Amino acid sequence: MAIKDGEPIIHRLEKQAEPENFGLINRLLSERLPERNLLDMLADTEHWLNWTRRLGPLSGFEARIDSPCERYVTNTFCYGCYLGPSQTARAMKDIDRRHVAYINQYHVTEQNLLDVNLELINAYNRFRLPKLWGSGKSASADGTKWDVYEQNLLSEYHIRYGGWGGIGYYHVSDTYIALFSSFIACGVWEAVHILDGLLENRSEIRPDTLHADTQGQSESVFGLAYLLAIQLMPRIRNWKDLTLYLPHKAFAVEHIGELFSDTIDWQLIETHLPDMLRVALSISQGKIRSSTILRRLDTYGRKKNKVYLAFRELGRVVRTVFLLNFVSDPELRRTITAATNTSEAWNAFIQWVAFGGDGIIRENSRDEQRKIIRYNHLVANLLVFHNAVSMTRALQELIDEGHPVTEEIIARLAPYRTDHINRFGSYELKFDQVPEPIAEDLQL
């Protein structure tokens, strides 16, 4: 989804009526937000949080470079916005492209970026404003395609999106902050990775309900999520084509019996429940990733592995119950749609942040590609944090002045606002600099 400059990224249910005075407060809020340069906003967050202290030489010793904080902020801006060292050096004075590349190679790791994000999320969670947007108990997962160069061994063609690239997969809290990001191959079913974000999340925001789209669900994932105490509530396209299961053949259902076309094999679940519990315990203790076990079971055990079949059978039970609730409860459908719209808004926001490279990851190393995704995730979260700070200050001013700001109005707002952010810096027009005369002739 393309975003125009000056357009706030706010996605809510269209059919839900706006609170009274929402338009007025939203307009006044936009006028009160100070216009800032994107790089200056990152510098502000460094002054507030001192997040660059998490970065440093791979050796573990103290950094021996001049102005390390400024260098780290510049480096994060460079890679998080997809500018690259060369373009960053052209846009900023006294910056050498080799110095920027050196910081990325020898001072920043994926784990560093994860640690910075963790501290940032916890700081964001202390604000009152995000708690008016969501409880923090639910999150949504969705992927967006990033282009990579076709001529490398790691590039794959994505049939659904079209083009060569990979999928940036993000878990976004209902408070609008992104908790986890990963970079997966185009050919991978996204449901395989959907549980990793919650299980590897170490922040103070601890969701137990997970929303997704059709790509974020399958029968085996429903079964594993149930044993991990995660409530999976996806938005499923063409759900009417899915199979609903009865407990047994003699189970009588009035009026909607035609929806059910098969029964559950409870004996299979009972027989392999100890094995399934051992798998779930290993995942919850961090011994193995959920994506690893799902990928192995799905690849090698569709017909032979009894544990996979048991997970699938348990998932059929859970998904049937979920689909029945989904069909009968309009409020549940609205909740799921709102959650998945938040992920769509986040995907648009991070692509807006990555303005420097036309959405193309120019690295050919898979490690560096994952690192770029983490950079972009961090910069977007820093801007969300900065917007939360500015919005809190502006809303408080409006309240003190007597404007009708209510919790219902604030709940309709979102921190994915871009109308006050200057992405491209400031350019000074100098007419006193006279260019050299033009030369029309060419001497060969």
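Look through the range 214-231, keep the residues that are at pLDDT 90 or above and in a loop (DSSP other than H, G, I, E, B), and return whichever of them is surrounded by the fewest Cβ atoms within 10 Å (Cβ to Cβ).
The selected residue is Ala229.
Can you name the residue in the range 392-444 that is small (Gly, Ala, Ser) and under 24 Å from the mean Cα position of the chain (by Cα) and is also surrounded by the fewest Cβ atoms within 10 Å (Cβ to Cβ) among such residues?
Among residues in the range 392-444 that are small (Gly, Ala, Ser) and under 24 Å from the mean Cα position of the chain (by Cα), the one surrounded by the fewest Cβ atoms within 10 Å (Cβ to Cβ) is Ala411.
For the range 232-241: of the residues being open to solvent by 90 Å² or more (accessible area, probe 1.4 Å) and assigned to a helix (DSSP H, G or I), which is modelled with the lowest pLDDT?
Among those residues, the one meeting the criterion is Lys240.
When the residues of the range 247-297 are filtered to those that are touching a strand residue (DSSP E or B) at 6+ places or on another chain (Cβ under 9 Å) and assigned to a helix (DSSP H, G or I), which remaining residue is surrounded by the most Cβ atoms within 10 Å (Cβ to Cβ)?
This residue is Ser291.
With the structure loaded, tell me whether Val389 is in contact (Cβ under 8 Å) with a residue 24 or more places away in the chain, β-branched (Val, Ile, Thr), open to solvent by less than 60 Å² (accessible area, probe 1.4 Å) and within 18 Å of Ala43 (Cα to Cα) or whether it fails that test.
Against the criterion (in contact (Cβ under 8 Å) with a residue 24 or more places away in the chain, β-branched (Val, Ile, Thr), open to solvent by less than 60 Å² (accessible area, probe 1.4 Å) and within 18 Å of Ala43 (Cα to Cα)), Val389 qualifies.
Is it the case that Leu332 is closer than 30 Å to Arg417 by Cα and either surrounded by fewer than 19 Cβ atoms within 10 Å (Cβ to Cβ) or among the small types (Gly, Ala, Ser) (or both)? Spell out the reasoning first.
Details: closer than 30 Å to Arg417 by Cα: yes; either surrounded by fewer than 19 Cβ atoms within 10 Å (Cβ to Cβ) or among the small types (Gly, Ala, Ser) (or both): yes.
Answer is yes for this residue.
May I ask you to say which residue of Gly356, Gly402 is touching a Leu at 6+ places or on another chain (Cβ under 9 Å) and not in a helix (DSSP H, G or I)?
Details: Gly402 fails: touching a Leu at 6+ places or on another chain (Cβ under 9 Å).
Of Gly356, Gly402, the one residue that is touching a Leu at 6+ places or on another chain (Cβ under 9 Å) and not in a helix (DSSP H, G or I) is Gly356.
Which one is modelled with the highest pLDDT among residues in the range 360-386 that are within 17 Å of the chain's Cα centre (by Cα) and open to solvent by 20 Å² or more (accessible area, probe 1.4 Å)?
Among those residues, the one meeting the criterion is Arg374.
Could you pull out the residue among Leu132, Leu118 that is out of contact with any Leu (no Cβ under 8 Å at 6 or more places or on another chain) and under 30 Å from Ser59 (Cα atoms)?
Values: Leu132 fails: under 30 Å from Ser59 (Cα atoms).
None of the others qualify; the one that does is Leu118.
Are there any helices (runs of 4 or more DSSP H) wholly within the range 45-143 with 1 or more residues that are within 25 Å of the chain's Cα centre (by Cα), modelled with pLDDT of 90 or more and under 22 Å from Met391 (Cβ atoms), and if so which? Give the derivation first.
Values: elements: 68-80, 85-91, 97-106, 110-124, 129-133.
Passing ranges, in order: 68-80, 110-124, 129-133.
Could you give me the residue pairs with C-beta distances under 6 Å whose first residue belongs to the range 167-192 and is under 23 Å from Ala338 (Cα atoms), whose second residue is part of a loop (DSSP other than H, G, I, E, B) and open to solvent by 20 Å² or more (accessible area, probe 1.4 Å) wherever it lies, and which are 6+ apart or on separate chains?
Ala191/Ser218
Considering only residues that are outside any loop (DSSP other than H, G, I, E, B) and open to solvent by 10 Å² or more (accessible area, probe 1.4 Å), look in the range 192-211 and name the one that is modelled with the lowest pLDDT. So that I can check it myself, show each step before the final result.
First pass over the range 192-211, keeping only residues outside any loop (DSSP other than H, G, I, E, B): 192-193, 196-199, 209-211.
Retained after the next criterion (residues that are open to solvent by 10 Å² or more (accessible area, probe 1.4 Å)): 192-193, 198-199, 209.
Values: Val192: 85, His193: 88, Leu198: 89, Leu199: 90, Thr209: 94.
This residue is Val192.
Would you please name the residue that is nearest to Leu42 (Cα to Cα), looking only at residues in the range 62-106 that are surrounded by fewer than 15 Cβ atoms within 10 Å (Cβ to Cβ) and among the basic types (Lys, Arg)?
Taking the candidates together, the pick is Lys93.
Restrict the check to the range 299-314 and report whether at least one residue is at pLDDT 90 or above and either open to solvent by 40 Å² or more (accessible area, probe 1.4 Å) or among the acidic types (Asp, Glu) (or both).
yes
Considering Thr109, Thr144, Thr76, which residue is touching a Gly at 6+ places or on another chain (Cβ under 6 Å), polar (S, T, N, Q) and in contact (Cβ under 8 Å) with a residue 24 or more places away in the chain? If you could, list the steps in order and put the result at the bottom.
On the way: Thr109 fails: touching a Gly at 6+ places or on another chain (Cβ under 6 Å); Thr76 fails: touching a Gly at 6+ places or on another chain (Cβ under 6 Å).
The match here is Thr144.
Answer yes or no as to whether Glu156 is of a type in the set (D, E, K, R), closer than 21 Å to Lys371 by Cβ and modelled with pLDDT of 95 or more.
Judged against the criteria, Glu156 is not a match.
Do you know which of the residues in the range 171-191 that are open to solvent by less than 20 Å² (accessible area, probe 1.4 Å) and over 21 Å from Ala380 (Cβ atoms) is modelled with the lowest pLDDT?
Of everything passing the filter in the range 171-191, Cys186 is modelled with the lowest pLDDT.
Would it be correct to say that Leu244 is surrounded by 17 or more Cβ atoms within 10 Å (Cβ to Cβ) and more than 17 Å from the chain's Cα centre (by Cα)?
Details: surrounded by 17 or more Cβ atoms within 10 Å (Cβ to Cβ): yes; more than 17 Å from the chain's Cα centre (by Cα): yes.
Here the answer is yes, as Leu244 does meet what is asked.
The values are calculated or read from the model by the stated rules, or taken from the named source; none is laboratory data. Values in this document were obtained by computation on a predicted structure and should not be read as measured data. Heads up, the Cβs are rebuilt from the backbone with ideal geometry, glycines too, and the neighbour counts pull from every protein chain shown. Remember, those area values only see protein heavy atoms, side chains included, never the ligands or the DNA or RNA. Shrake-Rupley method; radii C 1.70, N 1.55, O 1.52, S 1.80 Å.
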